[in-house]
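The values are calculated or read from the model by the stated rules, or taken from the named source; none is laboratory data. Being a predicted model, the structure only gives us computed values, none of them experimental. Don't worry about glycine lacking a Cβ; one is built from the backbone with ideal geometry, like all the others, and counts go over all protein chains shown.
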Amino acid sequence: MIESGRETIRRTPVDPATYLVRTRFPTIRHQAMISGESFYGSIPVFRGFTSLMDPALYSPLPDDWCIGVADIVDSTKAIAAQRYKAVNMAGAAVIAAVTNALEGREFPFVFGGDGASFAVAPGDLEAAREALAATATWVREDLDLKMRIALVPLRAIRAQGLDVRVARFGPSANLSYAMFSGGGLAFADAAMKRGEFAIAEAPAGTQPDLSGLSCRFEVMPASRGLILSVLVIPATGADPFAFRKVIEDIIHLVERSPDSGRPVPPQGPPLKWPPQGLDYEARAIRGGSLLKRRASLLAFTFFAYVLMRFDIEVGGFLPKVYKRQVVENSDFRKYDDGLRMILDCTPELERTLSDRLAGAARDGVVRYGLYPQDAAMMTCFTPSALRSDHVHFIDGARGGYASAATALKAMAAAAS
């Protein structure tokens, strides 16, 4: 997640999507505000990622909603200790726990590598609070990491002159992911890091419901030269139109270039047995000793490996279809008050992106972090392998978003 101070947030103008909607689309804003708890499901899904910065796609959250935020304390140290898988598992666990606590009801969320952010309606607030508290306890006890958690009322965000607006991007016909604009998520994240709106951990031994959370696939080596983690946010005082132009330029450079693509291989991620993430998945299972959970999971994952390896169809499960959906559903690009992407690209495209972003940084439009590595990794949330809406979070396998954020912070420190 991205560090931001209170004064920086207050002086930063609303982002392009919010600015343009407030000035050009007041009717859309009013209609979304009164939509209540059915708000998120009523937002149309857009398909083309190049339309990401179109303000008409974003709708403001209702006033009585809350923003949940979570991240790993000292994730940089965990990354330096090569605990990439544990950090990603912790971030994905937040989404799995809240989804299960809400019994599958739709809500907007975004995976940030070393954490996650989401929004919930008033009727789901207590369930989300309990899920967050339990997840923080599980992360400390089972992953040996410390997680900060907070729930920030939307009214507190709007009191700062900021907003939280949501769009729904469909990477495939199977599901959609939330995109956030308005500056409100960045404010909530910064407030959490200051200790505001904090939630206490659940009592020791509390286990969240992490059903469906797994990390069975192997890392995915770069096929074009490198895996590039990209993080771009507006600079303090940046002109919203100039920032929108930079983001659109970056997206078009990536979309139109033969030198980049999704980091997930067309045939699906590599799969071995026993899986690398077996221990983490065993710790996410409720009930019984850890030894028994590992043994049971070893047997189950061997069965699953055989089905996937030889494309054996059993009980309605179609391995070829599932693997295709894994590729289609991969969450490797998003917008949450800034652009995040995990790209498989050439060194030449990395230099092109770096040059464009460096120029925009000199002009006071953006702050950014780029982090090259040799592979990507996937953490999965699959409540049912028989449904098409399983979720697959992508990050760099050697530091990913957390390392890109470190590069971004270094840039900000050098500029101050």
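Scanning the range 147-170 for residues being within 19 Å of GLY112 (Cβ to Cβ), out of contact with any helix residue (DSSP H, G or I) (no Cβ under 6 Å at 6 or more places or on another chain) and not aliphatic (A, V, I, L, M) gives a total of 2.
Can you tell me which residue is nearest to ALA128 (Cα to Cα) among those in the range 95-105 that are surrounded by fewer than 24 Cβ atoms within 10 Å (Cβ to Cβ) and in contact (Cβ under 8 Å) with a residue 40 or more places away in the chain?
Here the answer is ALA101.
Table: residues versus (1) in contact (Cβ under 8 Å) with a residue 40 or more places away in the chain; (2) at positive phi; (3) in contact with a Gly (Cβ under 6 Å, 6 or more places away or on another chain); (4) buried (at least 23 other Cβ atoms within 10 Å of the Cβ).
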{"site": "ALA222", "(1), (2), (3), (4)": "yes, no, no, no"}
{"site": "LEU226", "(1), (2), (3), (4)": "yes, no, no, no"}
{"site": "LEU231", "(1), (2), (3), (4)": "yes, no, yes, yes"}
{"site": "PHE241", "(1), (2), (3), (4)": "yes, no, no, no"}
{"site": "ARG244", "(1), (2), (3), (4)": "yes, no, no, no"}
{"site": "GLU248", "(1), (2), (3), (4)": "yes, no, no, no"}
{"site": "PRO258", "(1), (2), (3), (4)": "no, no, no, no"}
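Of all residues in the range 172-188, none that is under 16 Å from LEU151 (Cβ atoms) has its Cβ atom under 6 Å from the Cβ atom of a residue that is surrounded by 24 or more Cβ atoms within 10 Å (Cβ to Cβ) and among the aromatic types (Phe, Trp, Tyr), 6 or more apart or on another chain.
Can you tell me which residue is surrounded by the fewest Cβ atoms within 10 Å (Cβ to Cβ) among those in the range 305-322 that are assigned to a helix (DSSP H, G or I) and either among the aromatic types (Phe, Trp, Tyr) or touching a strand residue (DSSP E or B) at 6+ places or on another chain (Cβ under 9 Å) (or both)?
PHE310
In the range 340-360, what count of residues is obtained for those that are surrounded by fewer than 22 Cβ atoms within 10 Å (Cβ to Cβ) and either within 19 Å of TYR401 (Cα to Cα) or polar (S, T, N, Q) (or both)?
First pass over the range 340-360, keeping only residues surrounded by fewer than 22 Cβ atoms within 10 Å (Cβ to Cβ): 346-352, 354-356, 358-359.
Narrowing further to those that are either within 19 Å of TYR401 (Cα to Cα) or polar (S, T, N, Q) (or both): 346-347, 349-352, 354, 358.
So the count comes out to 8.
Working only within the range 106-143, note down all residues that are of a type in the set (Phe, Trp, Tyr) and either free of Cβ contacts under 8 Å to residues at least 12 places away in the same chain or under 21 Å from LEU175 (Cβ atoms) (or both). Write out each step before concluding.
Pass one, the range 106-143, residues of a type in the set (Phe, Trp, Tyr): 107, 109, 111, 118, 138.
PHE107, PHE109, PHE111, PHE118 - these are the residues of the range 106-143 that are of a type in the set (Phe, Trp, Tyr) and either free of Cβ contacts under 8 Å to residues at least 12 places away in the same chain or under 21 Å from LEU175 (Cβ atoms) (or both).
Among residues of the range 273-300 that are free of Cβ contacts under 8 Å to residues at least 12 places away in the same chain, those with a beta-carbon under 8 Å from a residue that is assigned to a helix (DSSP H, G or I) and among the aliphatic types (A, V, I, L, M) at least six positions away or on a different chain give the pairs LEU290/ALA282; ARG293/ALA282. Scanning the range 171-203 for residues that are closer than 17 Å to PHE118 by Cβ and polar (S, T, N, Q) turns up SER176, SER181.
In the range 69-94, the residues that are on the phi > 0 side of the Ramachandran plot and at pLDDT below 95 form Cβ pairs under 9 Å with partners that are of a type outside the set (Gly, Ala, Ser) and surrounded by fewer than 24 Cβ atoms within 10 Å (Cβ to Cβ), at six or more places apart or across chains, as follows: ASP74/LEU145; ASP74/LYS146; GLN82/ARG398.
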